[in-house]
Amino acid sequence: MNLQGKTILITGASRGIGRAIALKLAQAGGNIAFTYLGSNQVEIEETENTLLKLGTKVKGFYSDASDFSSTEQVINDVIQTFGSLDVLINNAGITRDNLLLRMRETDWDTVLNVNLKSAFNTVKASIKTFLKQRSGSIINISSVVGIRGNAGQANYAASKAGMIGFTKSIALELGSRNIRANVIAPGFIATDMTDHLTEALQETWEKTIPLNRVGLPEDVANCALFLASDASSYITGQVIQVDGGLLT
């Protein structure tokens, strides 16, 4: 699964799952462009420096993925800087959890814009490049919550379910041009988003997972490497659950 010569753009990659994906793909020889918005400067510089040590070309871009004009500019900047775009990974995402009865309209709109509209923005802005070169791999990071739902996360679940439908649709539209689109649906992964959970609650989650452990960002990154590489050249329109068997 060699990514030598390939340029990969990852949204929201300065920490967590996105950072793990960036590291894994850089280790495989890929040139990494990544976007950031809410991260602090220390995190961004640490990510860039760590990736640069792997000997690949790396650059971070400040961008609001939910804004189309900002996204379009980043896509143009990536292509100008790296000379190509081969893999697009939509990882940027947020939560604004609450029961629907108490959920504010702004919490709904913000989550849908950041999690789902951002995927539309990046694919829309990249599609001409992919069509011109007649190749490309689009990887959208969804969630098992987008498959089965979750109480208190109606907005998040809707955004992640929408990402699955969006991905399957573009897989059908773009397959004849050798452009693939797939979804990774992580389960319970140890990240900043799960750090706020109590140890007792995390243990409860672990007991529901057949593999008896919480997932790591590297588990998701391994799947992303496969889908980004030519090893998955006959796979498109699929949802791969990285959940330790949680939804089995």
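The values are calculated or read from the model by the stated rules, or taken from the named source; none is laboratory data. Since this is a predicted model, take the numbers as computed values, not measurements. Virtual Cβ from ideal backbone geometry, glycine too; neighbours counted across all protein chains shown. Protein only, heavy atoms only, side chains kept; ligands, DNA and RNA dropped before computing areas. Shrake-Rupley method; radii C 1.70, N 1.55, O 1.52, S 1.80 Å.
Key figures
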item	result
Tally, over region 86-113, of residues that are part of a loop (DSSP other than H, G, I, E, B), within 27 Å of ILE179 (Cβ to Cβ) and hydrophobic (A, V, I, L, M, F, W, C)	1
Flag for ILE179 being touching a residue at least 40 places away in the same chain (Cβ under 8 Å) and open to solvent by less than 10 Å² (accessible area, probe 1.4 Å)	yes
Meets criteria (open to solvent by less than 60 Å² (accessible area, probe 1.4 Å) and either of a type outside the set (D, E, K, R) or within 19 Å of SER14 (Cα to Cα) (or both)) for PHE120	no
Members of region 36-66 found to be open to solvent by 10 Å² or more (accessible area, probe 1.4 Å) and among the β-branched types (Val, Ile, Thr), listed by number	VAL42, THR50, THR56, VAL58
Residue within region 86-93 that is open to solvent by 50 Å² or more (accessible area, probe 1.4 Å) and not acidic (Asp, Glu) present	no
Counted residues, region 125-148 - those being of a type outside the set (A, V, I, L, M, F, W, C), over 20 Å from ALA13 (Cα atoms) and in contact (Cβ under 8 Å) with a residue 12 or more places away in the chain	6
Residues located in region 63-105, provided they are within 24 Å of THR167 (Cβ to Cβ) and acidic (Asp, Glu)	ASP64, ASP67, GLU72, ASP86, ASP97
Positions within region 212-245 being surrounded by 12 or more Cβ atoms within 10 Å (Cβ to Cβ), in a loop (DSSP other than H, G, I, E, B) and either in contact with a Pro (Cβ under 7 Å, 6 or more places away or on another chain) or modelled with pLDDT of 95 or more (or both), in sequence order	LEU216, SER229, ILE235, THR236, GLY237, GLN238, ASP243, GLY244, GLY245
Members of region 150-165 found to be open to solvent by less than 10 Å² (accessible area, probe 1.4 Å) and of a type in the set (Ser, Thr, Tyr), listed by number	SER159
Lone unmet requirement of (1) surrounded by fewer than 16 Cβ atoms within 10 Å (Cβ to Cβ); (2) touching a strand residue (DSSP E or B) at 6+ places or on another chain (Cβ under 8 Å); (3) without any contact (Cβ under 8 Å) to a residue 40 or more places away in the chain for GLU105	(2)
Sole exception among (1) of a type in the set (Val, Ile, Thr); (2) open to solvent by 40 Å² or more (accessible area, probe 1.4 Å); (3) closer than 26 Å to VAL74 by Cα for ILE147, by number	(3)
Residues of region 1-35 satisfying the condition of being open to solvent by less than 20 Å² (accessible area, probe 1.4 Å) and either among the aromatic types (Phe, Trp, Tyr) or free of Cβ contacts under 8 Å to residues at least 40 places away in the same chain (or both)	ALA22, ALA26, GLY29, ILE32, PHE34
The listed residue being in a helix (DSSP H, G or I), open to solvent by 30 Å² or more (accessible area, probe 1.4 Å) and within 26 Å of GLY245 (Cβ to Cβ), out of LYS168, LYS132	LYS168
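One line per residue, one yes/no per condition, for (1) in contact with a strand residue (DSSP E or B) (Cβ under 9 Å, 6 or more places away or on another chain); (2) of a type in the set (Phe, Trp, Tyr); (3) under 27 Å from GLU173 (Cα atoms); (4) at pLDDT 95 or above:
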| position | (1), (2), (3), (4) |
| --- | --- |
| ASP77 | yes, no, yes, yes |
| LEU100 | no, no, no, yes |
| PHE130 | yes, yes, yes, yes |
| ILE141 | yes, no, yes, yes |
| ASN150 | no, no, no, no |
